[in-house]
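Everything on this sheet refers to the single structure shown next.
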Amino acid sequence: MNVDGADEAGWDVDPEDETQALVEAVGRQLKLWREAAGLRPAEFGAALGYGENLIYKIERGARTPRPEFLDKADEVLGAGGKIAAMKKDVEQATYPKKVRDLAKLEAKAVELGAYSNHNLHGLLQTKEYAQALIQTWRPAYSQDEVERMVAARMARRCIFERSPAPSLTFVQEEVTLRRPVGGRMVLRRQLERLLEVGQLRNVEIQVMPTDCDDHAGMGGRIQVLKFGDGSAVGRDEGQVTSRPLSDPREIRVLELRYGIIRAQALTPRESLAFIEKALGET
């Protein structure tokens, strides 16, 4: 029980976030249901296994309730699924704004191409790999923040289930397949995930061998997303700005570099064989 007032069942809300009004509306609904059931905040919290302080925060919209909180609240208040149904409404609010913005772009993209040199691309990561990776970042994040970022990253993987399926290409530096982020077993499961995703007809994964001396990706990571209307956005680690790039001239440069990188990397078939060999050596 978290009757000491711990806030594990929710995430802090940025007052300037566009989802603030939604979170506040959910909090008001929860308060109405609680009052209709004749429960004080402390009694409601005790029934859920959380502290009174958390109940106050959620009801005033200062915390975004996690899905498990809404499930428990629905059961305790006898809402018949009405409270649990709000999980879909607050799902996006649980993720950082920059992740939501990226997810919106990925949801509209008909093509995505990405070159990654230090870590596996976020869309390719397993939950265990993502958690271990984020825990290495400095300054260190709290466990609550880590869980929030991992949940957001896993939610983005729905791109693999979209219909019609977008064209997805990834080029990974060999080192990203070798570094045992999270330990050997985490890496093994991660490599198995790559082999699984690499079998999808709309996905091509390529490996850039470390011994490739003529390399157009030395400037850093690249990502290009193209949309059905012919527009595109890109990101280039070598650029001073961290904003998405949409100028056609800048996009052409990124596409040129990415095309050369793909030509210099192993073919998709060779790459899957390479990943299988790395798995056997892990």
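The values are calculated or read from the model by the stated rules, or taken from the named source; none is laboratory data. None of these values were measured; they are calculated from a predicted model. When we count neighbours, we look across all protein chains shown, and the Cβ atoms used for this are built from the backbone with ideal geometry, even at glycine.
Look at LEU30 and say whether it is part of a helix (DSSP H, G or I), more than 30 Å from THR169 (Cβ to Cβ) and hydrophobic (A, V, I, L, M, F, W, C).
Yes: the conditions hold for LEU30.
Please verify whether VAL110 is farther than 21 Å from GLU35 by Cβ and modelled with pLDDT of 90 or more, treating the condition exactly as stated. I'd like the intermediate steps shown before the answer.
Details: farther than 21 Å from GLU35 by Cβ: yes; modelled with pLDDT of 90 or more: yes.
In short, yes.
Kindly list, by first and then second residue, each pair from a residue in region 77-91 that is within 19 Å of ILE55 (Cα to Cα) to a residue that is assigned to a loop (DSSP other than H, G, I, E, B), limited to pairs with Cβ atoms under 6 Å and residues at least 6 apart or on different chains.
LEU77/ALA37
Please go through region 204-222 and give me each residue that is in contact with a Pro (Cβ under 9 Å, 6 or more places away or on another chain) and not acidic (Asp, Glu), ordered by number.
Passing the criteria: ILE205, GLN206.
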